[in-house]
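Everything on this sheet refers to the single structure shown next.
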Amino acid sequence: MPPVTRYDVDRTALGALLDDEPRYRVDQVWAGLHDQLATPEEMTNVPLALRARLAASLPEGLALTTEATADGGDTVKWLWTLADGSRVETVLMHYPQRSTVCVSSQAGCAMACSFCATGQAGFTRQLSAGEIVEQVVRAARRARDDGRRLGNVVFMGMGEPLANYDATWTAIRRIHGDLGLGARHLTVSTVGVVPGIRRMTHEELPVNLAVSLHAADDALRDELVPLNKRFGLSMLAEACSDYIEVTGRRLSFEWALIAGVNDRPGDAARLADYARALRAHVNLIPLNPTPGYRTRGTSPEGVEAFRSRLAERGVNVTVRHTRGTSIDAACGQLAAGATALASPTRRAVPVAPVAE
Ligand code: SAH
């Protein structure tokens, strides 16, 4: 069971914890945690003894292990150690208009996508809702300290959010209700857990849905994203179609361009058909290097050729600029540091041949 940490406590639970305190104290502490993004030690409006009691009974879920910055300070990556020693990473990205935090939903990941560093390291455990919310709080504090404002949360860090559905959804409700971020500023990214997409369709909050597609034919997708063997492309399309119809939200597909693997003209044509039918937006990312997968990312010219093939076929497509490559903070590179990859629990992963 994941631990109960500072942000696992909702308002009712905080009231119960402080049932010997006057009501206004509970309100002060709640506002301290969620509006001021303060630690108990910083809540100078509450008595010292209560601050100490809060610090002891509501332990922080995330202990800072390392912080790294890149892109002139516009990308910040944190490695946190959790109460049981597991490790996760969070990435904050400042853009001119807004800042976005990329949060982890699991320590490790069981989806085993061959080209993804988190997948190569295997699964450790589920995060609690509070451990997810606390990542957002830490990022919001940092954004504030940098004179920015946290505007978006994307579930694109370590783990598969829809394989940790309840904690993910509790966190989304808390981020929306208690931290005040609107549903259109929250994005869940999934490898294609169809039952999870179906559950999301009937949730009250219509968040954005991103699907990590990477292949638009089942044979290739089976190889890149093993979950495709259970939930193939036609099941996935049906679930996505229902999602956009019921929620009115835009769907996006992530496509990591891998040289000679999924960047051929036929791949673009198949992707165009698949995406157009769902009016999906396609985000192209050249594959980032990871230790367990030797194939290279597509060259800049290849990316442009692929982009224009999609655009010619009427697909909305964006080439995403990679952030944080120098600190292993880019898409698919989160692996809780070298220690996670070197740990004895590491699963053996097939190493793909180097593409010429
Ligand atoms: N499990 C969820 C959330 C992780 S999001 C999901 O797969 O959507 C991380 C994103 O980075 C996904 O789109 C994933 O496919 C992509 N990714 C993984 N490895 C990558 C790599 N080496 N280069 C570029 N993108 C990668």
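Name the single residue, out of those in segment 291-301 being outside any loop (DSSP other than H, G, I, E, B) and open to solvent by less than 30 Å² (accessible area, probe 1.4 Å), that is farthest from Tyr274 (Cα to Cα). Let's see the steps before the verdict.
Let us first name the residues in segment 291-301 that are outside any loop (DSSP other than H, G, I, E, B), namely 293, 297, 300-301.
Narrowing further to those that are open to solvent by less than 30 Å² (accessible area, probe 1.4 Å): 293, 297.
Numbers: Tyr293: 27, Gly297: 22 Å.
Among them, the one singled out is Tyr293.
Condition check ((1) open to solvent by 30 Å² or more (accessible area, probe 1.4 Å); (2) out of contact with any helix residue (DSSP H, G or I) (no Cβ under 8 Å at 6 or more places or on another chain); (3) within 24 Å of Ser299 (Cβ to Cβ)) across all residues:
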position: Pro226; (1), (2), (3): yes, yes, no
position: Ile244; (1), (2), (3): no, yes, no
position: Ala256; (1), (2), (3): no, yes, yes
position: Ala259; (1), (2), (3): no, no, yes
position: Arg264; (1), (2), (3): yes, yes, yes
position: Ala268; (1), (2), (3): no, no, yes
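Could you please let me know if Ser252 is within 16 Å of the ligand (Cβ to nearest atom) and in contact with a His (Cβ under 9 Å, 6 or more places away or on another chain)?
On the way: within 16 Å of the ligand (Cβ to nearest atom): yes; in contact with a His (Cβ under 9 Å, 6 or more places away or on another chain): yes.
The answer is yes for Ser252.
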Give the number of residues within segment 166-210 that are farther than 24 Å from Ala280 by Cβ and open to solvent by less than 10 Å² (accessible area, probe 1.4 Å).
2
For segment 1-40, the count of residues that are closer than 15 Å to Arg138 by Cβ and open to solvent by 50 Å² or more (accessible area, probe 1.4 Å) equals 1
Sort through Glu304, Glu245, Glu254 and tell me the only one that's among the charged types (D, E, K, R), assigned by TED's automatic domain parsing to the domain that holds Ala112 and not in a helix (DSSP H, G or I).
Glu254
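In segment 270-290, how many are open to solvent by 30 Å² or more (accessible area, probe 1.4 Å) and either over 14 Å from Arg313 (Cα atoms) or free of Cβ contacts under 8 Å to residues at least 60 places away in the same chain (or both)? Working first, answer last.
The first filter runs over segment 270-290 and keeps only residues open to solvent by 30 Å² or more (accessible area, probe 1.4 Å), leaving 270, 273-274, 276-277, 279, 286, 289.
With the extra rule that they be either over 14 Å from Arg313 (Cα atoms) or free of Cβ contacts under 8 Å to residues at least 60 places away in the same chain (or both), the set shrinks to 270, 273, 276-277, 279, 286, 289.
Residues in segment 270-290 being open to solvent by 30 Å² or more (accessible area, probe 1.4 Å) and either over 14 Å from Arg313 (Cα atoms) or free of Cβ contacts under 8 Å to residues at least 60 places away in the same chain (or both): 7 in total.
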Can you name the condition, by its number, that Arg221 falls short on among (1) within 16 Å of the ligand (Cβ to nearest atom); (2) in contact (Cβ under 8 Å) with a residue 24 or more places away in the chain; (3) crowded, with 16+ Cβ neighbours inside 10 Å; (4) of a type outside the set (Phe, Trp, Tyr)?
(2)
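Yes/no matrix, rows are residues, columns are (1) at pLDDT below 95; (2) surrounded by fewer than 24 Cβ atoms within 10 Å (Cβ to Cβ):
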residue	(1), (2)
Pro59	no, yes
Ala63	no, yes
Glu67	no, yes
Glu89	no, no
Pro96	yes, yes
Glu131	no, no
Arg141	no, yes
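The values are calculated or read from the model by the stated rules, or taken from the named source; none is laboratory data. These figures come from a predicted structure and were not determined experimentally. As a convention, Cβ positions derive from the backbone with ideal geometry for all residues, glycine included, and neighbour counts pool all protein chains shown. Heads up: the accessible areas ignore ligands, DNA and RNA and are worked out on the full protein's heavy atoms, side chains in. Shrake-Rupley method; radii C 1.70, N 1.55, O 1.52, S 1.80 Å.
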